[in-house]
Amino acid sequence: MTDIIQLLPDHVANQIAAGEVVQRPASVVKELLENAIDAEATEIKLIIKDAGKTLVHVIDNGKGMSVTDARLSFERHATSKIKSAEDLFQLNTKGFRGEALASIAAIAHVELKTKRLNDELGTAITIEGSKVKSQEVTVTPQGTSVAVKNLFFNIPARRNFLKSDTVELRHITDEFHRVALSHPNIAFAFYHNGSELFNLPNENYRQRIVHIFGSKSNERLVPVDEDTEILKISGFVGKPQYAKKTRSEQFFFVNNRFIKSPYLNHAISSAFEGLLKDGYHPSYFLNLTVDPKTIDINIHPTKTEIKFDDEHTLYAILRSAVKHSLGQFNIAPVLDFEHQSQLNTPYNYKDKQGKVPTIEVDRSFNPFAVHSSDSKSGSLANNAHFKKAPAAHWESLYVGLESKSNSSDSGFSEITFESDAKSEAIFKDDAVETRKTTFQLQQKYIVSTIKSGMLVIDQNRAHQRVLYENFLKHITIKQATSQQLLFPLQLHVTPNESKIIEDLKQDLEHTGFVFSEVTEACITITGVPIGVPESEVSIILEQLISDVEEDVPDANFSAADLLAKSMAKSLAIKNGQPLDVAEQEHLVNSLFACKEPNVSPTNRPTFITMDVSAIEKKFM
Ligand code: ADP
Ligand code: MG
């Protein structure tokens, strides 16, 4: 028998690597933007067509490449960023694997143009599916332009697997946000199908956040600034009263690289403990600077996860820094804000006038300042972006806010506690009435008898089913009655959120919503579906945005379905809500009038039955 093992040809190896590096157009965007940053560009343009399926084009004014480098850049494991294994522990660049361009060129049509500052002429290379089609001398400005066309042209299965333009564009926008937020000192422009989505000048971090998330975000930010031997933290957290139902405004950057860390996220949540309603997530935009030696970013091919040497200490410092900031800006008493105390909140709390807590804070207090803060911080201070701004600078940023929060810091009194509603329900109407055909168990289930035995209905899920079918009907037959609002309702949104509403606008209108205006920053509503209380409107829309953002919809995704599900979820009778007999009966009848009464819109059982025979068995 002959030997059977062969080395894979390069273009096959590249295609396989591409499977890891390039999942979707957004991956290409990320790699190209990172290369431009590593090339020290100060201006970067991102041009997209058809959510990146037709074109992803990144143009930078960075240092460019020589003829040889331009050609080599498409080879696998070709990188200028590390030279030896030791360099892996000192990474100051985004890339280092040297496989992005090779991978992208294996599965797309790529056109590269590049020129260094002092070269007269530049180089143009076109590659299709790893094959070099042409290489020429060209006239081009300093920097690099990489156009990636027809992604996955040679892997139809991958191409078909791509989601709708809306979904793919959202992934691209997410990547863009992450990169733009971690580099406020670089100017970015972003165009999609010829229209400008973002145009961000070189600016400070606060301005960058405001430019991306809308002018309203300015007053919501509380600075966090902490400088310790092992960790430097700078950035902002959102005031608790502006917490969101989605996690879309949670950003950690470690040494300028976006990362996901459930563990550190938990540190922040715990700093906000007692300040947020259930189901709400704090916003944060935090830059952590640590010694590159103490982290390992090599554990994940797309590099959003990271391993820290000393996670526990980072957790403690982060939590304490955030608490400290919330306290410093009068948002929470910094010490002994005990979780327990909220249990004592009187039930009529909401009706009382909230009092602004007054506390005295020693602004110079730094729990970690064991060593003098200006001691050698070595490589930690290398990055210009993280250089500690002079104190006066921060103060001036905060001028407008302080006066505002002094006049009416309503943050504290606006918080309602979930426990209020529930506990109130528990004390009400505990006596069991007789002669009912249905009764409510623990304000959660409706129990009734049926011929064969007993029926137990989950009130929340059952009502979701009823509402869901109702909304779906209205949306598909395109007629619903709406109630006009006396005063138009305005919701402030981010451009991203506005886009989601814009996309769903038609369907929303079919349920009874009337929008008089949808702009990038604000949505004006003049009518709502019959039966929807005005006070619920913002919750419904927020929930909807969160649902769209979070469940990346699957192949048989339909906007109408998602909308109906989301609204049903928001409006359905909650657990803990007492229902009188008439309401219980109405719910039971409506449920069994549904097309699919057995399951909730998310496919969970709405009721269970128990046969008499099963009950009898229990008595044996
Ligand atoms: P990596 O970024 O991991 O080194 P890539 O495949 O992304 O790998 O890029 C390979 C090399 O090509 C880089 O190391 C860099 O030298 C060069 N390169 C890529 N993009 C650019 C760019 N926009 N400007 C200058 N050089 C670039
Ligand atoms: Mg790279």
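The values are calculated or read from the model by the stated rules, or taken from the named source; none is laboratory data. If you're wondering where the values come from, they're calculated on a predicted model, not measured in any experiment. Counting neighbours? That spans all protein chains shown, and the Cβs are built from the backbone with ideal geometry, glycine included. Accessible surface areas use protein heavy atoms only, side chains included; no ligands, DNA or RNA. Shrake-Rupley method; radii C 1.70, N 1.55, O 1.52, S 1.80 Å.
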The residue from 536, 585, 616 that alone is open to solvent by 20 Å² or more (accessible area, probe 1.4 Å), within 28 Å of the chain's Cα centre (by Cα) and farther than 18 Å from residue 472 by Cα is 536
Filter pass, residue 256 being of a type outside the set (A, V, I, L, M) and at pLDDT below 90
yes
Answer yes if at least one residue in region 108-126 is farther than 16 Å from residue 17 by Cα, more than 15 Å from ligand 1 (Cβ to nearest atom), open to solvent by 80 Å² or more (accessible area, probe 1.4 Å) and free of Cβ contacts under 8 Å to residues at least 40 places away in the same chain, and no otherwise.
yes
Please list, ordered by residue number, the helices (runs of 4 or more DSSP H) wholly in region 1-77 having 2 or more residues that are under 17 Å from residue 147 (Cα atoms) and away from ligand 1 (no atom under 12 Å from the Cβ).
25-38
Have a look at 490, 584 and point out the one that is out of contact with any Leu (no Cβ under 8 Å at 6 or more places or on another chain) and not in a helix (DSSP H, G or I).
490
Which numbered condition trips up residue 94, out of (1) basic (Lys, Arg); (2) within 16 Å of ligand 2 (Cβ to nearest atom); (3) surrounded by fewer than 20 Cβ atoms within 10 Å (Cβ to Cβ)?
(3)
Could you give every pair whose Cβ atoms fall below 8 Å, whose first residue belongs to region 73-87 and is in the same structural domain as residue 124 (by TED's automatic domain parsing), and whose second residue is within 12 Å of ligand 2 (Cβ to nearest atom) and open to solvent by 50 Å² or more (accessible area, probe 1.4 Å), counting only separations of at least 6 or pairs across chains?
77/97; 79/97; 87/81
How many of the residues in region 60-78 are within 16 Å of ligand 2 (Cβ to nearest atom), open to solvent by 50 Å² or more (accessible area, probe 1.4 Å) and within 26 Å of residue 188 (Cβ to Cβ)?
2
One residue is enough: does region 277-297 have a residue meeting the conditions within 19 Å of residue 206 (Cβ to Cβ), β-branched (Val, Ile, Thr) and modelled with pLDDT of 80 or more?
yes
If residue 232 passes every condition in (1) buried (at least 20 other Cβ atoms within 10 Å of the Cβ); (2) within 30 Å of residue 52 (Cβ to Cβ) but one, which one does it miss?
(2)
Does residue 43 fit the bill of being surrounded by fewer than 17 Cβ atoms within 10 Å (Cβ to Cβ) and touching a residue at least 40 places away in the same chain (Cβ under 8 Å)?
yes
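So which residues in region 438-467 are assigned to a helix (DSSP H, G or I) and over 16 Å from residue 605 (Cβ atoms), if there are any at all?
Answer for region 438-467, where residues must be assigned to a helix (DSSP H, G or I) and over 16 Å from residue 605 (Cβ atoms): just 467.
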Residues that are open to solvent by 20 Å² or more (accessible area, probe 1.4 Å), small (Gly, Ala, Ser) and at pLDDT 85 or above, drawn from region 471-527
516, 521
